[in-house]
Amino acid sequence: MRRAMIGTLSESEFTLVAETEKDSLAALDEDELLELHSRIRRARNKYTGIYRRNAAARVDDVAARGKAYAQNQRDRDKAEVFEDALARVSKQIAVVARQAAVELRTERLDAVRSRGSGPDLAAGPAAGVGPGVARSHQKTTGGVKRDAGTRAMGARRQAKKDSR
């Protein structure tokens, strides 16, 4: 955190930013990090909006962007402090999410290894299915007549090409 900004933050703002220090973030789980992330984002959006509104109003009052820029330093600094805090929290969320994904993957792989990944051959083949059993239905896409028409159209198309 920038030392110059400590004096301009209120007590609640200072507490919120202090929660984003490395030691504090390490103690939080994923849900707590997400909740902190939303609180930091709201504070950042608040001060960014205040800065932009005040800057636009001051440009009209002073009639020069350069002079208005210097007068709006406090809000700009607060927005920057919360932006930095938001980046720290986002980075920690990414670390925790990556760890959770690795743990889930490991659990799934262990579960597959323990019970096997192939079909259960002890139960035998499914009834009525296998290489020696004929199908009980025609393989069609919507009707015997339509399939016959499609085959005939293909035959006509081929005959036309062959006659050239």
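The values are calculated or read from the model by the stated rules, or taken from the named source; none is laboratory data. Fair warning: this is a prediction, and the values are worked out from it, not measured in the lab. For the accessible areas, the whole protein counts, side chains as well, though only heavy atoms, and no ligand, DNA or RNA atoms are used. Shrake-Rupley method; radii C 1.70, N 1.55, O 1.52, S 1.80 Å.
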Taking the Cα atoms of the range 18-97, report the difference between the largest and smallest coordinate on each principal axis, in whole Å and largest first. 49, 17, 16
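If you rank Ser114, Ser38 by how much accessible surface each has, with a 1.4 Å probe, what is the order from largest down?
Working: Ser114 100, Ser38 30 Å².
Ranked list, largest accessible area first: Ser114, Ser38.
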In sequence order, calculated HN-Hα J values of the range 101-113 (Karplus, 6.51, -1.76, 1.60; Hz; x Gly/Pro): 5, 5, 4, 4, 4, 4, 4, 4, 5, 5, 5, 5, 5
For Lys161 the rounded accessible area (nearest 10 Å², probe 1.4 Å, non-protein molecules ignored) is 120
Per residue of the range 9-14, what does 6.51 cos²θ - 1.76 cosθ + 1.60 with θ = phi - 60° give for ³J(HN,Hα)? Whole Hz please, x for Gly and Pro, Karplus curve as stated. 7, 6, 4, 5, 5, 4
